[in-house]
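Everything below concerns the one structure shown next.
Here, each number is a calculation from the coordinates, and none is a lab measurement. Please read these numbers as outputs of a predicted model, since none were measured by experiment. Cβ sites come from the backbone with ideal geometry, for glycine too, and all protein chains shown count toward neighbours.
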């Protein structure tokens, strides 16, 4: 199992320092295997995949090689902004095109997974399924799997993980699946139960909240047993502040040494 952490571009006005250099330097120092690259759109953070040049791609690949780290996944975080302008799923045609841009960039960077969602937008089950079939076709065209984050799925109003699993089955593509984020007991089920429930629908990346705050409870022995069956080649990705990264990784390393 690989361990990664989320990172986004941090451009510094007037500086020629690469806006991801900080993440590679910190990640390498802390012993992370790689990163999840956050694709954002907001005031001062407009870095959608369609704006990347071949020079941009080459520079990130060079950082990967230099620091012996991978970019395993991209996260379509711009979806929160998009949904504020298109609150109905019927307005997500262009959004699917932007997801396709993310997938193409992911392929160029060597990433195998995209975390996607429709944020706060709402619509019918059939509207949603139609869009996700288009998303699955993006995956089939690029060879990059797209996973809907389970906790955000609930915002659609269709229910929890059970309904996401049902939707995954109805979409019926090996390039569309479930992206877990363990947050029990605040949200969802214990991690081992979610892993078993999603089973072969899982994409090869999952999120983790902080393991230090007491807000997340994981029976690692049981969870790892389930993950060895359904997530053996997966990437455990921390979604935590970077100042908490070292202690979180240390704890996970201890659990891996004990139970993996």
| remark: For segment 164-203 the mean separation of alpha carbon contacts under 8 Å (6+ apart) over residue count, i.e. relative contact order in percent, is 46
| Entry for mean projected area of the Cα convex hull in nm² (calculated from the structure that is shown) out of (i) 15.1; (ii) 13.1; (iii) 16.1 | (ii)
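What's the FRET efficiency of residue 230 with residue 41 using the Cβ-Cβ distance as r and R₀ = 30 Å, to the nearest 0.05? Mind showing how you got there, number by number?
On the way: r = 33 Å, r/R0 = 1.09.
Efficiency computed from Cβ-Cβ geometry: 0.35.
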| query | 222 nm [θ] for the chain, helices only, -39500 (n - 2.57) per DSSP H run of 4+, per residue, to 500? | reply | -13500 deg cm²/dmol
| query | Which whole-number percent is the relative contact order of segment 19-105 (Cα, under 8 Å, 6+ apart)? | reply | 38
| Over what distance in Å are the Cα centres of segment 23-84 and segment 188-257 separated? | 22
| request: Could you order peptides 247-253, 205-211 by the average number of other Cβ atoms within 10 Å of their residues, highest first? | output: 205-211, 247-253
| request: Averaging sequence separations of C-alpha pairs under 8 Å and six or more residues apart, then dividing by the length of segment 2-259, give the relative contact order as a whole percent. | output: 17
| query | Taking all pairs of different Cα atoms in segment 146-216, averaging 1/r and flipping that mean, what Kirkwood radius in angstroms comes out? | reply | 12.3
